[in-house]
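Following: one structure in C-alpha coordinates, then a few remarks.
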Amino acid sequence: MQQDDKNILDLRNVLGQQSETEIAKPQPLSEISWETEEFEYHEKDTGWFLTMGIVFFGIFASLLILKNIFGAATILLFAVIIYLYAAKKPEKILVKADGRGVHINKKLMPYSEIKSFWIHYEPPLKYLILMNKKHIIPKTIVPIGSADPIKLRELLLINALDEKEEEESISEMIFRRLRF
(Lines give C-alpha, C1' and ligand atoms only; values in the text may rest on other atoms or scores of the structure.)
Protein backbone atom coordinates (compact mmCIF):
# COMPACT_ATOMS: atom_id res chain seq x y z
CA MET A 1 0.00 0.00 0.00
CA GLN A 2 2.93 2.37 0.63
CA GLN A 3 4.02 2.06 -3.00
CA ASP A 4 0.51 3.13 -4.13
CA ASP A 5 0.64 6.20 -1.84
CA LYS A 6 4.04 7.11 -3.26
CA ASN A 7 2.75 6.74 -6.81
CA ILE A 8 -0.24 8.96 -6.01
CA LEU A 9 2.08 11.63 -4.55
CA ASP A 10 4.34 11.40 -7.61
CA LEU A 11 1.30 11.73 -9.88
CA ARG A 12 0.03 14.77 -7.94
CA ASN A 13 3.46 16.39 -8.21
CA VAL A 14 3.58 15.75 -11.95
CA LEU A 15 0.11 17.25 -12.39
CA GLY A 16 1.05 20.26 -10.23
CA GLN A 17 -1.17 19.30 -7.33
CA GLN A 18 0.03 19.12 -3.75
CA SER A 19 -1.01 16.65 -1.11
CA GLU A 20 -2.66 17.87 2.09
CA THR A 21 0.51 17.17 4.11
CA GLU A 22 2.61 19.22 1.69
CA ILE A 23 0.20 22.15 1.86
CA ALA A 24 0.34 22.15 5.67
CA LYS A 25 4.17 22.12 5.78
CA PRO A 26 5.85 25.52 5.56
CA GLN A 27 8.34 25.56 2.73
CA PRO A 28 11.96 25.92 3.86
CA LEU A 29 13.71 29.18 3.19
CA SER A 30 15.84 29.05 0.12
CA GLU A 31 17.50 32.45 0.28
CA ILE A 32 17.83 35.55 2.44
CA SER A 33 19.54 38.68 1.17
CA TRP A 34 20.12 42.12 2.56
CA GLU A 35 22.16 45.24 1.99
CA THR A 36 24.15 46.73 4.83
CA GLU A 37 27.20 48.82 5.58
CA GLU A 38 30.43 46.86 5.87
CA PHE A 39 30.94 48.11 9.44
CA GLU A 40 29.23 50.38 11.95
CA TYR A 41 30.49 53.92 11.40
CA HIS A 42 30.99 56.37 14.25
CA GLU A 43 31.56 60.02 13.38
CA LYS A 44 34.87 61.13 14.87
CA ASP A 45 35.29 64.77 15.76
CA THR A 46 38.47 66.82 16.06
CA GLY A 47 38.75 65.97 19.76
CA TRP A 48 38.92 62.24 18.98
CA PHE A 49 41.73 62.72 16.45
CA LEU A 50 43.55 65.13 18.78
CA THR A 51 43.40 62.66 21.68
CA MET A 52 44.66 59.79 19.55
CA GLY A 53 47.40 62.04 18.12
CA ILE A 54 48.61 62.98 21.62
CA VAL A 55 48.65 59.33 22.71
CA PHE A 56 50.59 58.21 19.63
CA PHE A 57 52.98 61.17 19.83
CA GLY A 58 53.68 60.36 23.50
CA ILE A 59 54.48 56.74 22.70
CA PHE A 60 56.55 57.81 19.66
CA ALA A 61 58.55 60.36 21.68
CA SER A 62 59.14 57.87 24.52
CA LEU A 63 60.51 55.31 22.08
CA LEU A 64 62.80 57.91 20.48
CA ILE A 65 64.13 58.92 23.93
CA LEU A 66 64.83 55.25 24.63
CA LYS A 67 66.62 55.09 21.24
CA ASN A 68 64.23 52.42 20.00
CA ILE A 69 64.10 53.58 16.38
CA PHE A 70 62.39 50.41 15.12
CA GLY A 71 59.65 50.73 17.78
CA ALA A 72 59.18 54.44 17.00
CA ALA A 73 58.88 53.71 13.28
CA THR A 74 56.39 50.93 14.00
CA ILE A 75 54.25 53.23 16.17
CA LEU A 76 54.37 55.93 13.47
CA LEU A 77 53.23 53.41 10.85
CA PHE A 78 50.53 52.12 13.22
CA ALA A 79 49.29 55.71 13.79
CA VAL A 80 48.97 56.31 10.03
CA ILE A 81 47.03 53.06 9.58
CA ILE A 82 44.70 53.92 12.49
CA TYR A 83 44.10 57.39 11.03
CA LEU A 84 43.27 55.99 7.58
CA TYR A 85 40.93 53.39 9.06
CA ALA A 86 39.25 55.94 11.38
CA ALA A 87 38.59 58.35 8.51
CA LYS A 88 37.21 55.67 6.18
CA LYS A 89 33.47 55.65 5.53
CA PRO A 90 31.80 52.24 5.19
CA GLU A 91 30.74 50.96 1.80
CA LYS A 92 27.41 49.26 1.12
CA ILE A 93 27.69 45.52 0.75
CA LEU A 94 25.19 42.96 -0.50
CA VAL A 95 24.94 39.79 1.60
CA LYS A 96 23.04 36.67 0.57
CA ALA A 97 22.66 33.32 2.32
CA ASP A 98 21.34 30.48 0.18
CA GLY A 99 21.70 26.73 -0.26
CA ARG A 100 25.33 26.98 -1.39
CA GLY A 101 26.74 29.28 1.29
CA VAL A 102 27.02 32.92 2.31
CA HIS A 103 27.76 35.43 -0.46
CA ILE A 104 29.38 38.72 0.56
CA ASN A 105 29.51 41.12 -2.39
CA LYS A 106 29.17 38.16 -4.77
CA LYS A 107 32.12 36.32 -3.16
CA LEU A 108 30.93 32.89 -2.04
CA MET A 109 31.88 31.42 1.32
CA PRO A 110 30.63 27.82 0.94
CA TYR A 111 29.17 26.02 3.93
CA SER A 112 31.99 23.47 3.64
CA GLU A 113 34.44 26.22 4.72
CA ILE A 114 32.32 27.37 7.68
CA LYS A 115 32.93 25.61 10.99
CA SER A 116 30.11 27.28 12.96
CA PHE A 117 28.02 30.42 13.16
CA TRP A 118 26.55 32.67 15.81
CA ILE A 119 24.03 35.48 15.52
CA HIS A 120 24.93 38.21 18.00
CA TYR A 121 21.65 40.00 18.59
CA GLU A 122 21.65 42.70 21.27
CA PRO A 123 19.95 45.70 19.65
CA PRO A 124 21.33 47.91 18.25
CA LEU A 125 24.14 45.35 17.66
CA LYS A 126 23.13 42.68 15.12
CA TYR A 127 25.93 40.61 13.60
CA LEU A 128 26.35 37.27 11.89
CA ILE A 129 29.61 35.71 13.07
CA LEU A 130 30.99 32.97 10.82
CA MET A 131 33.83 30.86 12.17
CA ASN A 132 35.92 29.67 9.24
CA LYS A 133 37.77 26.37 9.00
CA LYS A 134 40.70 28.23 7.46
CA HIS A 135 43.23 29.51 9.99
CA ILE A 136 44.22 32.53 7.90
CA ILE A 137 40.85 34.23 8.41
CA PRO A 138 39.33 32.55 11.46
CA LYS A 139 36.32 34.84 11.93
CA THR A 140 34.10 36.80 9.56
CA ILE A 141 31.69 39.31 11.10
CA VAL A 142 28.84 40.54 8.91
CA PRO A 143 26.29 43.14 10.04
CA ILE A 144 22.77 41.72 9.68
CA GLY A 145 21.20 45.05 8.80
CA SER A 146 17.51 44.75 7.95
CA ALA A 147 17.46 40.93 7.64
CA ASP A 148 15.34 38.88 10.04
CA PRO A 149 17.80 37.15 12.41
CA ILE A 150 15.34 34.32 13.18
CA LYS A 151 14.87 33.41 9.50
CA LEU A 152 18.61 33.72 8.92
CA ARG A 153 19.28 31.33 11.82
CA GLU A 154 16.74 28.84 10.43
CA LEU A 155 18.38 28.92 7.00
CA LEU A 156 21.85 28.34 8.42
CA LEU A 157 20.65 25.49 10.63
CA ILE A 158 18.87 23.85 7.67
CA ASN A 159 22.19 23.84 5.84
CA ALA A 160 23.75 21.77 8.66
CA LEU A 161 25.88 24.47 10.22
CA ASP A 162 26.71 24.22 13.90
CA GLU A 163 25.50 27.06 16.06
CA LYS A 164 28.15 27.97 18.62
CA GLU A 165 28.11 31.06 20.81
CA GLU A 166 31.10 33.30 20.18
CA GLU A 167 32.28 35.84 22.72
CA GLU A 168 33.52 39.24 21.68
CA SER A 169 37.33 39.33 21.72
CA ILE A 170 39.27 41.87 23.76
CA SER A 171 40.43 43.69 20.61
CA GLU A 172 36.82 43.93 19.36
CA MET A 173 35.74 45.38 22.73
CA ILE A 174 38.58 47.92 22.67
CA PHE A 175 37.79 49.03 19.11
CA ARG A 176 34.09 49.35 19.96
CA ARG A 177 34.94 51.44 23.05
CA LEU A 178 37.20 53.67 20.95
CA ARG A 179 34.24 54.04 18.56
CA PHE A 180 35.94 52.42 15.57
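The values are calculated or read from the model by the stated rules, or taken from the named source; none is laboratory data. Just so you know, these numbers come straight off a predicted model, no measurement behind them. Don't worry about glycine lacking a Cβ; one is built from the backbone with ideal geometry, like all the others, and counts go over all protein chains shown. Heads up: the accessible areas ignore ligands, DNA and RNA and are worked out on the full protein's heavy atoms, side chains in. Shrake-Rupley method; radii C 1.70, N 1.55, O 1.52, S 1.80 Å.
Taking every residue in the range 53-77 that is within 17 Å of L178 (Cβ to Cβ) and pairing it with any residue that is surrounded by 15 or more Cβ atoms within 10 Å (Cβ to Cβ) and not aliphatic (A, V, I, L, M), at least 6 positions away or on another chain, the pairs with Cβ-Cβ distances below 6 Å are I75/F60. Considering every residue within the range 36-44, establish whether at least one is open to solvent by 70 Å² or more (accessible area, probe 1.4 Å), out of contact with any Pro (no Cβ under 6 Å at 6 or more places or on another chain) and part of a helix (DSSP H, G or I). Scanning the range 36-44 turns up no residue that is open to solvent by 70 Å² or more (accessible area, probe 1.4 Å), out of contact with any Pro (no Cβ under 6 Å at 6 or more places or on another chain) and part of a helix (DSSP H, G or I).
When I137, I54 are checked against the criterion of being over 30 Å from N159 (Cβ atoms) and either at pLDDT below 90 or loosely packed, with under 11 Cβ neighbours inside 10 Å (or both), I54 stands alone in meeting it.
Mind listing whichever residues of the range 92-102 are farther than 14 Å from A147 by Cα, at pLDDT 90 or above and buried (at least 18 other Cβ atoms within 10 Å of the Cβ)? Break it down into steps so the answer makes sense when it comes.
In the first step, residues of the range 92-102 are kept if they are farther than 14 Å from A147 by Cα; the result is 92, 99-101.
Those left that are additionally at pLDDT 90 or above: 92.
Result: no residue meets the conditions.
Kindly check whether there is at least one residue in the range 114-129 that is open to solvent by 30 Å² or more (accessible area, probe 1.4 Å), closer than 30 Å to L161 by Cα, touching a residue at least 24 places away in the same chain (Cβ under 8 Å) and touching a Pro at 6+ places or on another chain (Cβ under 8 Å). Scanning the range 114-129 turns up at least one residue that is open to solvent by 30 Å² or more (accessible area, probe 1.4 Å), closer than 30 Å to L161 by Cα, touching a residue at least 24 places away in the same chain (Cβ under 8 Å) and touching a Pro at 6+ places or on another chain (Cβ under 8 Å). In the set (1) open to solvent by less than 70 Å² (accessible area, probe 1.4 Å); (2) farther than 30 Å from S146 by Cα, the condition left unmet by I82 is number (2).
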